[in-house]
Amino acid sequence: MKSSAKQASQSQVVSALIAIAVIVGATAFAWLWIQKQQPTVDETETQELAAGEATPPPTPTPTPTKLFHGKDTYIVSRGSQATGPNVSEITFDPLDPAVGGQQIISVKASYSTAISDVSVKLRTDTKTTTLKLELAEGTNLGGTWKTTWTIPETYLYNYAATIEATSGNEVTTIPVIIRERK
């Protein structure tokens with residue numbers, strides 16, 4: 001009986017050693033596979049960084065929606081039942097200025113009584129700026145109001161304008177969502 005007990009324990013030891021070898025092998029394979037998946041820095045990048053060269057700015061996450069480059073005009077239609085000043089066009093020139101760059105905003109509006117005020121409230125990533133537009137062409141019954149402003153910060157995630165045209169007690173509000181983070 002002693003010999004069969006020894007055999008059982010020897011077979012258990014062999015099974016345990018095989019199991020340990022399989023676990024070690026699987027762990028080594030997983031580690032090597034993970035290492036292979038990670039990007040490596042090549043020697044030229046290391047030399048450039050060591051030489052003090054500037055690294056490119058990181059890409060924001062999530063990647064912002066691409067904007068149309070240059071001047072962009074939005075045509076507005078409110079229907080025949082709308083009251084208040086009629087805003088018909090809103091133009092951003094350029095739509096995608098650099099931070100610190102200039103942008104011209106133009107609004108075409110008309111109404112049966114004089115339009116007293118046209119303004120735009122611009123929302124960027126962390127700021128909201130209200131700008132008053134000045135009559136540049138036409139009359140206060142129908143014309144184009146404009147303003148030029150300097151972009152104060154990024155608009156990678158939030159870039160929206162709310163146009164307001166006022167005539168007496170009547171106010172027309174037109175939202176223009178160019179980019180918005182949900």
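The values are calculated or read from the model by the stated rules, or taken from the named source; none is laboratory data. All figures in this text were calculated on a predicted structure; none of them were measured in a lab. Reconstructed Cβ throughout: ideal geometry from the backbone, glycine too, with neighbour counts over all protein chains shown.
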> Just a yes or no: is a residue in segment 19-40 loosely packed, with under 10 Cβ neighbours inside 10 Å, under 36 Å from the mean Cα position of the chain (by Cα) and modelled with pLDDT under 60?
Replying inline: yes
> What about Thr91, is it surrounded by 14 or more Cβ atoms within 10 Å (Cβ to Cβ), modelled with pLDDT under 95 and in contact with a strand residue (DSSP E or B) (Cβ under 8 Å, 6 or more places away or on another chain)?
Replying inline: no
>> From the list Thr148, Thr126, Thr162, Thr130, exactly one residue is within 17 Å of Asp93 (Cβ to Cβ) and of a type in the set (Ser, Thr, Tyr). Which is it?
In response: Thr148
>> Out of Thr150, Thr172, I need the residue that is among the β-branched types (Val, Ile, Thr) and either more than 20 Å from Lys71 (Cα to Cα) or touching a Leu at 6+ places or on another chain (Cβ under 8 Å) (or both). Which one?
In response: Thr172
> For residues in segment 144-166 being crowded, with 17+ Cβ neighbours inside 10 Å and of a type in the set (Gly, Ala, Ser), which is farthest from Val176 (Cα to Cα)?
Replying inline: Ala165
> Out of (1) farther than 14 Å from Phe92 by Cα; (2) surrounded by 13 or more Cβ atoms within 10 Å (Cβ to Cβ); (3) modelled with pLDDT under 95; (4) of a type outside the set (Lys, Arg), the odd one out for Val176 is which?
Replying inline: (1)
